[in-house]
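Worksheet: one structure, shown below.
Taken together, the values in this text are just the output of simple stated rules run on the coordinates, not laboratory data. Treat the numbers as computed from the prediction; the structure is a model and nothing was measured. Neighbour counts are summed over all protein chains in view; Cβ atoms, including those assigned to glycine, are modelled from backbone coordinates with ideal geometry.
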Amino acid sequence: MANIARLLTKRAQDQLNVVYPLQVITRLNSSCKYLTEHIPISNKSWEFIKTEVTGEKKNVAVITLNRPKALNALRNGLMKELSTALKAYGKDANISAIVLTGSEKAFAAGADIKEMAPNTYSQCIQGNFLNDWTEVARTQKPIIAAVNGYALGGGCELAMMCDIIYAGDKAKFGQPEIALGTIPGAGGTQRLTRVVGKSKAMEMCLTGNMINAQEAEKVGLVSKVIPADQLLAEAVKLGEKIGTHSNLIVQLCKEAVNTAFETTLEEGLKYERRFNHATFSTIDCKEGVKAFIEKRPAKFINE
Ligand code: CO8
């Protein structure tokens with residue numbers, strides 16, 4: 001953008017045969033910078049993802065991984081765009097929930113093996129490989145993974161970083177890193193084990209075998225299996241349902257549930273209790289309780 005500003009200024013100077021003072025150029029530059037930073041996220045043009053805001057109240061953001069030919073293999077550029085979009089939607093007060101999805105054939109078939117191929121041990125250690133790939137797990141708003149097709153390796157890990165996974169009926173989940181002579185690096189041995197238990201996680205990580213959507217539901221990896229062509233609509237509906245509640249309380253509730261993964265039961269229960277107490281200091285809790293008593297829908301203001 002700054003380059004465009006410089007070019008426009010130069011063109012105007014050439015054509016009008018005038019020289020603009022430095023202040024004008026500087027102001028034009030900063031206006032362009034402002035515009036770049038404030039383009040609504042859904043109007044941005046991306047290389048590896050697509051974004052849109054949907055739902056009746058336009059409060060559900062959908063991020064679609066968009067490298068269909070490479071089965072949405074996760075490369076650095078894609079993960080950077082995903083992080084940028086998540087950060088922007090995270091700050092957008094109009095967005096209540098985010099849906100992350102891929103194509104019909106693949107949610108994501110893993111980290112991009114071709115991009116990873118030249119990695120060396122020292123580069124991985126010194127560059128902290130994969131450290132920047134975890135924005136999904138840091139996002140405060142609820143994220144729903146809508147998984148059709150393959151969710152393998154980093155793809156399965158990405159889905160598990162989300163809060164809720166809905167699977168299309170042809171979805172397949174797996175941690176096949178072992179076949180490449182490596183192991184999962186973004187939660188495949190940790191989140192998967194906490195979710196499905198040691199025996200199943202061990203079997204998946206040591207064999208690289210995939211499980212189908214029905215089995216994934218049986219072991220608790222996904223919360224619902226849906227016909228593939230209805231998956232996205234159902235995930236958006238779920239986002240809309242969450243969006244009928246107070247965004248503030250939803251955020252606290254998400255944090256409380258996530259705490260169950262991070263700590264002992266006693267600590268977690270203490271945390272939950274304190275959060276529960278804290279909700280009574282919010283306007284939304286007063287409104288929710290009053291609305292119930294008055295038999296009317298609550299009007300939450302996220303305060
Ligand atoms: N990386 C790069 N390219 C890929 C990947 C991948 N993970 N998966 C598929 N592709 C490419 C193929 O190379 C092929 O490209 P081209 O047409 O240029 O040859 C194209 O996608 C289509 O793939 P296939 O022809 O193989 O399609 P099939 O339908 O025959 O097979 C499979 C589909 C079974 C999914 C197969 O592509 C496959 O086995 N892919 C690799 C799966 C895998 O091993 N994933 C794990 C990768 S390692 C990893 O994820 C480490 C995790 C690190 C942490 C990540 C943090 C989020």
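Direction-averaged projected area, Cα convex hull, the range 169-303: 10.9 nm², rounded to one decimal. Amide H contacts of Lys172 (H built 1.01 Å from N, in plane; Pro and chain starts excluded): Gly149, Tyr150, Ala151 sit under 5 Å, all sequence-distant by 5 or more or on other chains. Between Lys80 and Ile293, the simple label model (points 7 Å from Cα in the Cβ direction) yields a spacing of 5.5 nm. Highest GNM mean-square fluctuation among Met202, Met161, Met210, for the chain modelled with Cα contacts below 10 Å: Met202. Helical content of the chain, expressed as a calculated mean residue ellipticity at 222 nm, amounts to -14500 deg cm²/dmol (DSSP H runs of 4 or more residues, -39,500 (n - 2.57) each, divided by residue number, nearest 500). Database remark: amide H of Ala97 closer than 5 angstrom to the amide H of Ala61 (H placed geometrically; neighbours at sequence offset of 5 or more, or on other chains; Pro and chain starts carry no H). With q set to 0.12 Å⁻¹, the log10 of I(q)/I(0) for the range 117-225, from the Debye formula over equal scatterers at the Cα positions, is -0.40. On the basis of the beta-carbon distance and an R0 of 41 Å, Ser199 and Ile301 show a calculated FRET efficiency of 0.30. Assuming 1.567 mPa s and 4 °C, estimate D for the chain with Stokes-Einstein, Rh taken as the Kirkwood radius over Cα pairs, in µm²/s. Answer from the Stokes-Einstein relation: 60 µm²/s.
List the lysines whose Cα sits under 27 Å from the Cα of Lys299, skipping any in the same chain fewer than 8 residues away. Here the lysines satisfying the reach criterion relative to Lys299 are Lys57, Lys58, Lys87, Lys91, Lys141, Lys237, Lys241, Lys254, Lys286, Lys290. Derived from the Cα gyration tensor, the three semi-axes of the equivalent ellipsoid of the range 101-160 are 24, 17, 6 Å, largest first. Cross-link reach is defined here as a Cα-Cα straight distance under 12 Å, omitting same-chain residues fewer than 8 places apart; for Lys224 the aspartates and glutamates meeting it are Asp169, Glu215, Glu234. Sequentially through the range 148-157, phi angles give Karplus couplings (6.51, -1.76, 1.60; θ = phi - 60°) of 10, x, 6, 10, 10, x, x, x, 5, 5 Hz, Gly and Pro residues having no value and appearing as x. Here the contact order of the chain, divided by its residue count and restricted to Cα pairs under 8 Å and six or more residues apart, works out to 14 percent. Couplings 3J(HN,Hα) of the range 111-116, computed from phi: 4, 6, 4, 5, 6, 6 Hz, in residue order, whole Hz [Karplus 6.51 cos²θ - 1.76 cosθ + 1.60, θ = phi - 60°; x for Gly and Pro].
The distance separating the Cα centre of the range 83-135 from that of the range 229-244 comes to 23 Å. Couplings for the range 120-126, taken from phi via the Karplus curve 6.51 cos²θ - 1.76 cosθ + 1.60 with θ = phi - 60°, read 10, 4, 5, 5, 4, 5, 6 Hz in order; Gly and Pro are left as x. Fully extending the segment from Thr279 to Gln126, taken as 0.36 nm per residue of separation minus the present Cα-Cα distance, adds 50.8 nm.
Over the range 71-119, the Kirkwood radius and the radius of gyration, each from Cα atoms, give a ratio Rg/Rh of 1.08. Taken over the Cα atoms of the range 172-228, the convex hull encloses 79 Å³ per residue.
Under 5 Å between amide hydrogens, built in the peptide plane, is the criterion, and for Lys224 it picks out Ala167 among residues at least 5 positions away or on other chains. Of the beta bridges DSSP finds with both residues in the chain, what % are antiparallel, to the nearest 5? Here the share of antiparallel DSSP bridges comes out near 25 percent.
If you plug the beta carbon distance of Gln230 and Leu180 into 1/(1 + (r/R0)^6) with R0 = 30 Å, you get a FRET efficiency near 0.30.
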